[in-house]
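A short worksheet on the structure shown next.
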Amino acid sequence: MSKVIVYPPTSMILSDLVERMGHKALVVPERVRELVTANDVQSPPLNVTPEEPKKGLRYAAVDVPSGVRGRMALIGPLIEEAEAAIIVEDPGWLTGCAGCSRTNELVRLLIRTKGIPVLDLSYPTDDAQAKLFVHKIKAFLGGLK
Amino acid sequence: MIRIAQLSCGSEYSGIQKEIERAAETVGAKIVYPEVSLEDILDVEKKFGVKVSSGDLNLAMARAVRIVENPDLADAVIVMTCFRCAEAAIIRSEIRKFIHGHSRIPVLSYSFTERTTAETLLTRMEALVTTVKYRGLLARERQKGLTAGIDSGSTTTKSVIMKDNEVIGTGWVPTTEVLKSAEDAFEAAVKMAGIQKEEIQAVGVTGYGRFLVGKHINARLIQEEITVNSKGAVFLSDAQRGPATVIDIGGMDNKAISVQDGIPGGFTMGGICAGASGRFLELTARRLGVDITQLGKLALKGDFRNVAMNSYCIVFGTQSLVNSLSMGCKPEDVAMAACHSVAEQVYEQQLQEVEVKEPVIMVGGTSLIEGLPRAMEELLHVKVLVPKNAQYIGAVGAALLVSGLLEG
């Protein structure tokens, strides 16, 4: 079983595909669930506190907007943990979205420069492409330990 | 309960959402989030004119469209995005213009960091709520009876006594101990007016120390400076009807307010660096060895182009100041360069965020430093008005507004 990060990092469709193939999907909703169900609720709705943008300094400098660093505090540790990645280009918001374009750019960069196996895919626009999309993901995941 | 619609990107991930809601609660308002459908977001370009790559900014624009189409959804709007995000800065400004252009809902825009607290937002929220809540009071154009105003500012404390629409007494002292300074300024104004304190029918208080001073003297009105400065500025400039722009460069922060019929519409309140405030001019005067009251006259004789100065940061500004003097620059050129630099910061950082409409009125103690309004005129290419008693603007606004409560 490998730990696989997906992009967009909020995609439940990609997460489901990874889990079905017996791997561990690294996705943001799990991290958010940890925060919102924590006993110590300090800052509803997400329970992200000003500490998160400071933790995000590990991934981006202080002159990067606080919203990017706050998001990176959630996504960055997932990238560090990842052993493989699936990146879907131009996915559309229905697939998942971090809400911030700068964060998306940084996430893709950090995944690509980590040196792990990466499957790059285009977002499918018809049934035939969708089948090929799933087939490629299955083949990629099947090749992981 | 006043409903403030929040249109934002990044506030929850910056960890400041709780602070925004706390500030709203403190001023008797609640934050609401207009609901939109996915189609509204996907179609945002058709109605708004632009679509960007960040999903949350498109969501904010879709919410702006929804508010404009359903103005009953909110009483006021706050547009907030991350400080230093270029994409967000463009959209923040466009949302403000869109709502201004299509509705009469007051809008406040603000760029935040993770260090933004409820206290930082309080004055802005208070002004936004006042604009909605006290429209009738803000429409007041004449002062009636015998009232006083106290402006407990960060650098100076000012007080005025007004009687039947005239300023009859003024007092101005440096702020040291907040309560003592307020008492001293008040005493001076009472003495000049030649009245007894007991005759005063009501007192209005504004400025940083307003809560402390207001409670101490049992003030009838305790009001933030955005509202009172707007009223004071248009009253003293005889510009109560129609549009106006009020610029107040203070000792600790700056305000740029877009006013319509004496009521603030949009405003910004800056203060990220002291280099763009009255403090830098005080420092310049000290370094040049002239009294602050003489700095403006000296500046009028100089040319800012002869000195390289940028006071974006007060430390860099001071370095420029020292360097220019050591290179033999003339004091009058340095004085004008300092004025130009402060005006330029306000122009670049704040006047881009409000609709600049004539008359442009400069108020506050710094407006009396003649080089500063001159520099602003050169930057804006419009005539800048500095009304009589411009340094007492907050106190005048407070005295004027509190007289409206006498009839209630």
Worksheet entry | Residues satisfying the stated conditions in the stretch A:22-65, i.e. among the charged types (D, E, K, R) and touching a residue at least 40 places away in the same chain (Cβ under 8 Å) | A:31
Practice prompt. Being surrounded by 18 or more Cβ atoms within 10 Å (Cβ to Cβ) and within 14 Å of chain A (Cβ to nearest Cβ) is the filter here, so list the residues in the stretch B:101-117 that pass it.
Written response: B:110, B:111, B:112, B:113, B:114, B:116
Worksheet item: Do we have any residue at all in the stretch A:39-50 that's within 14 Å of chain B (Cβ to nearest Cβ), buried (at least 22 other Cβ atoms within 10 Å of the Cβ) and in contact with a Pro (Cβ under 9 Å, 6 or more places away or on another chain)?
Response: no
Practice prompt. Mind listing whichever residues of the stretch B:30-63 are of a type in the set (A, V, I, L, M) and within 11 Å of chain A (Cβ to nearest Cβ)?
Written response: B:38, B:41, B:42, B:52, B:57, B:59, B:60
Worksheet item: When you look at residue A:116, is it of a type in the set (Val, Ile, Thr) and within 13 Å of the chain's Cα centre (by Cα), yes or no?
Response: no
Worksheet item: So is residue B:4 touching a residue at least 24 places away in the same chain (Cβ under 8 Å) and under 23 Å from residue B:90 (Cα atoms) or not?
Response: yes
Worksheet item: Hey, which of the strands (runs of 3 or more DSSP E) in the stretch B:161-255, taking only ones fully inside, have at least 1 residues that are hydroxyl-bearing (Ser, Thr, Tyr) and over 16 Å from the mean Cα position of the chain (by Cα)?
Response: B:166-174
Worksheet entry | Check on residue B:37, buried (at least 18 other Cβ atoms within 10 Å of the Cβ) and polar (S, T, N, Q) | no
Worksheet, complete the sentence: Among B:91, B:16, the single one that is crowded, with 21+ Cβ neighbours inside 10 Å, over 20 Å from residue B:267 (Cα atoms) and either within 12 Å of chain A (Cβ to nearest Cβ) or without any contact (Cβ under 8 Å) to a residue 60 or more places away in the chain (or both) is B:16
Worksheet entry | Condition check for residue B:391: in a loop (DSSP other than H, G, I, E, B) and among the polar types (S, T, N, Q) | no
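So that you can scan it fast, the table gives a plain yes or no per residue for (1) within 14 Å of chain B (Cβ to nearest Cβ); (2) surrounded by fewer than 14 Cβ atoms within 10 Å (Cβ to Cβ); (3) in contact (Cβ under 8 Å) with a residue 40 or more places away in the chain:
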{"position": "A:67", "(1), (2), (3)": "yes, no, no"}
{"position": "A:76", "(1), (2), (3)": "yes, no, no"}
{"position": "A:82", "(1), (2), (3)": "no, no, yes"}
{"position": "A:90", "(1), (2), (3)": "yes, yes, no"}
{"position": "A:104", "(1), (2), (3)": "yes, no, yes"}
{"position": "A:114", "(1), (2), (3)": "no, no, no"}
{"position": "A:125", "(1), (2), (3)": "no, yes, no"}
{"position": "A:139", "(1), (2), (3)": "no, yes, no"}
Worksheet entry | Which listed residue is away from chain A (no Cβ under 14 Å) and part of a loop (DSSP other than H, G, I, E, B), from B:140, B:66, B:96 | B:140
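A quick yes/no check of all residues on (1) surrounded by fewer than 24 Cβ atoms within 10 Å (Cβ to Cβ); (2) in contact (Cβ under 8 Å) with a residue 40 or more places away in the chain:
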position: B:202; (1), (2): yes, yes
position: B:215; (1), (2): yes, no
position: B:219; (1), (2): yes, yes
position: B:233; (1), (2): no, yes
position: B:251; (1), (2): yes, yes
position: B:261; (1), (2): yes, yes
position: B:269; (1), (2): yes, yes
position: B:277; (1), (2): no, yes
Discussion item. Whether any residue in the stretch B:70-80 is touching a strand residue (DSSP E or B) at 6+ places or on another chain (Cβ under 7 Å), of a type in the set (D, E, K, R) and not assigned by TED's automatic domain parsing to the domain that holds residue B:355 is what I want to check.
Written reply: yes
Worksheet entry | Single unsatisfied condition, residue A:19 versus (1) outside any loop (DSSP other than H, G, I, E, B); (2) in contact (Cβ under 8 Å) with a residue 12 or more places away in the chain | (2)
Worksheet item: If residue B:50 passes every condition in (1) assigned to a loop (DSSP other than H, G, I, E, B); (2) without any contact (Cβ under 8 Å) to a residue 12 or more places away in the chain but one, which one does it miss?
Response: (2)
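The values are calculated or read from the model by the stated rules, or taken from the named source; none is laboratory data. All of these numbers come straight from a predicted model, not from anything done at the bench. Please note: Cβ atoms are built from the backbone with ideal geometry, for glycine as well, and neighbour counts cover all protein chains shown.
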